[in-house]
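One structure is given here, and the rest of the page talks about it.
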Amino acid sequence: YYDEEMLNTLSFLDKFVQAYLGTENTIVLGAAESLNEKFAGLIVMLQEAIDKKANDEVEEKLTIYDKNIEESSSETERLRKELDEMKEKIKIRLEEDLSRVSQIIASTVSSIENEIRNIDSSLDYNPTNTFNSSMTYSVIISIIVFMIGGLAGYLNSSEINVWEFKSVMSIVFSAGIKWSAVSIFIGILISFILSASTVLERSSKKQKLMEEIGAIKNSEEREKEKMKMLAEDRLKSLEERYKQKIKHYETRMNELSEQKKNEKEMMKKTILQNYQKLIDQLNALLA
């Protein structure tokens, strides 16, 4: 139990007692009270040394608790760090998914907008081109009608002189032009109707494409909201699992700390019983 200070004190007291035992020297007798205080201090140091030795023995035997508590603490910190990393990964993954959806939607919308811009220049939706095409067909049909109408007028005429060429051609042209004019009029009317229909069809096409853009943008918001909800559910599930694990180790640490505390008190009491005789002797010296 002795350290260097106690050994020096014991050596001093031993030499002093041997040197001045039984002396009547006034100076020596006057120093008795100081020597008693020094002796009492030595006893106190011995008591403290015994208590320290007992504590050291207890701590040495309780290192298994410290080791297990440290392992549980390290595991808790590892789980917290791992949870933070997993949460960050989910956050980054969500941002990447949202960005990818935005890019896809932007590309699709851009393609549809280009299609809308190209409708006016498209021949299929150009009313002038529709009118011209229809008139071309009408002219061709009117020529055919002219020929058929003229032939029909010639065949149905009873006053014609088949031997007079001018008479025949007059009847043919007269009947042909009449039916051809009717055909041209109907063709023009149909051409205007088709042109108007093309205008309406072009407007309808633009409207449908605009509605499609609106639907795509709405679907983008729904998809993003769905992705956010899924990410939030994954985070909640992840946090719940990790919190249960962390709670398990924290509970274990608390239990080990409590066990260590109780065990320490019992072990110290047991160890001090081995030194009780010496402690009583020291107490007796202080009495």
Whether any residue in the range 105-115 is over 24 Å from Leu209 (Cβ atoms) and of a type in the set (A, V, I, L, M) is what I want to check. no
Is there a residue being closer than 11 Å to Ile116 by Cβ, in a helix (DSSP H, G or I) and modelled with pLDDT of 85 or more anywhere in the range 186-201? no
Kindly indicate which of Leu83, Leu62 is at pLDDT 90 or above, surrounded by 12 or more Cβ atoms within 10 Å (Cβ to Cβ) and touching a helix residue (DSSP H, G or I) at 6+ places or on another chain (Cβ under 7 Å). Leu83
Filter pass, Trp179 being of a type in the set (Phe, Trp, Tyr), modelled with pLDDT under 80 and not in a helix (DSSP H, G or I): no
If you go through the range 106-122 one residue at a time, do you hit one that is in a helix (DSSP H, G or I), more than 18 Å from Lys206 (Cβ to Cβ) and among the hydrophobic types (A, V, I, L, M, F, W, C)? yes
Selection from the range 59-82 of residues that are of a type in the set (D, E, K, R), within 11 Å of Leu256 (Cα to Cα) and in contact (Cβ under 8 Å) with a residue 40 or more places away in the chain: Asp66
Here is a list: Leu209, Leu256, Leu230. Which entry is loosely packed, with under 14 Cβ neighbours inside 10 Å and part of a helix (DSSP H, G or I)? Leu230
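The values are calculated or read from the model by the stated rules, or taken from the named source; none is laboratory data. Note that the structure is a prediction, hence the values are computed from the model and not measured. Glycine gets a Cβ as well: all are built from the backbone with ideal geometry, and neighbour counts include every protein chain shown.
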